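These notes are about the structure you will find just below.
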Amino acid sequence: MANIGIIGGSGLDNPDILHEPKDLQVSTLYGAATSPVRAGMIGKHNVFLLARHGREHTTPPSQVNYRAKIETLKSLACDCILTTTAVGSLREEIGRGDLVVLDQFIDFTRHRAITFHEKFAPHDPVHTPMAEPFSEHLRGLLNDSCEELGIRHHKRGTVLTIEGPRFSTRAESNMFRIWGADVINMSIAPEVILANEAGIPYASVAMSTDYDCWKTDEAPVTWDDILHIFRQNAQKVTDVLIRTINKMD
């Protein structure tokens with residue numbers, strides 16, 4: 001039996017996937033997470049679900065208390081964290097509704113608390129390695145689940161996180177493509193950074209909902225477009241999460 005944290009992104013903030021769910025109020029040194037923790041079971045495992053933006057999606061991405069979310073899951077002794085996120089595609093081959101099992105990130109945020117280490121103990125600086133920020137083991141389980149379910153997916157991808165809540169300009173979108181980013185969102189950083197600092201294995205399955213604004217033969221992305229595609233395909237992500245959790249020891 002493992003303790004597994006899930007942070008749900010747009011369209012998956014409150015999925016009905018838990019057996020015998022109940023709400024927990026957890027406080028941390030960084031305050032409370034945006035919403036209560038929904039605790040329950042999937043198979044033999046304890047699962048703790050957090051809505052990244054709140055259950056009613058009332059917290060903008062730049063205002064999410066990422067430190068409180070990770071600290072909450074750490075206090076619940078989570079052995080790992082699985083997350084979902086809606087992303088814009090920066091590559092022609094990553095189509096709407098495709099899943100991407102992320103393996104790298106680029107942090108383009110500016111105004112967020114990005115570390116637990118606000119000061120160092122004397123002669124004891126802490127610099128967390130970040131070369132491989134996403135758990136290879138968890139990524140393998142997610143990719144296997146996608147394969148077994150016959151879901152179109154991409155086994156790896158670099159996500160670039162912008163501050164938001166605005167979308168990119170076309171110049172920015174093209175710059176991010178040149179940098180090597182495959183998809184774009186507003187939430188993976190600093191979430192994955194903090195999970196690594198906390199020593200909790202972290203992995204994320206992203207769903208492509210749009211082509212941002214680099215593709216001039218299509219209209220630029222809107223929030224309504226994102227919700228439409230994500231709601232159409234949310235069951236795929238839910239199925240992948242459940243199958244992945246049931247694979248765990």
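Hydrodynamic analysis of segment 3-247 uses the Kirkwood radius over alpha carbon pairs. Inserted into Stokes-Einstein at 4 °C and 1.567 mPa s, it gives a translational diffusion coefficient of 72 µm²/s.
Bridges between two residues of the chain, per DSSP, are antiparallel at a rate of about 40%. Binning the alpha carbon pair distances of segment 155-249 at 5 angstrom intervals from zero yields the distribution 2, 11, 18, 21, 21, 14, 8, 4, 1, 0, expressed in whole percent.
Which of the residue pairs Lys22/Lys155; Lys44/Lys155; Lys74/Lys119 have a Cα-Cα distance greater than 25 Å in the structure shown?
Going by Cα-Cα distance, Lys22/Lys155; Lys44/Lys155 fall outside the 25 Å limit.
Quick test of the membrane-span-like rule: which DSSP H helices of the chain reach at least 30 Å along their long axis (C-alpha atoms) with mean Kyte hydropathy at least -0.5?
Result, helices passing both filters: 223-247.
Label-to-label distance for Leu149 and Glu93 is 2.3 nm, based on points extended 7 Å past Cα in the beta-carbon direction. Anisotropy class assigned to segment 37-109 is prolate, per the alpha carbon gyration tensor with a/c at or over the 1.5 cut-off and a/b larger than b/c.
For segment 1-142, what class follows from the C-alpha gyration tensor (a ≥ b ≥ c being the square roots of its eigenvalues): rounded when a/c is under 1.5, otherwise prolate if a/b is larger than b/c, else oblate? In terms of gyration-tensor shape, rounded.
I want the local charge near His228. Using Cβ-Cβ distances under 13 Å, sum +1 for each Lys or Arg and -1 for each Asp or Glu among the other residues.
-1
Bear in mind these aren't lab numbers, they're just calculated from the coordinates by the rules spelled out. Quick caveat: nothing in here was measured; it's all calculated off a predicted structure. Don't worry about glycine lacking a Cβ; one is built from the backbone with ideal geometry, like all the others, and counts go over all protein chains shown.
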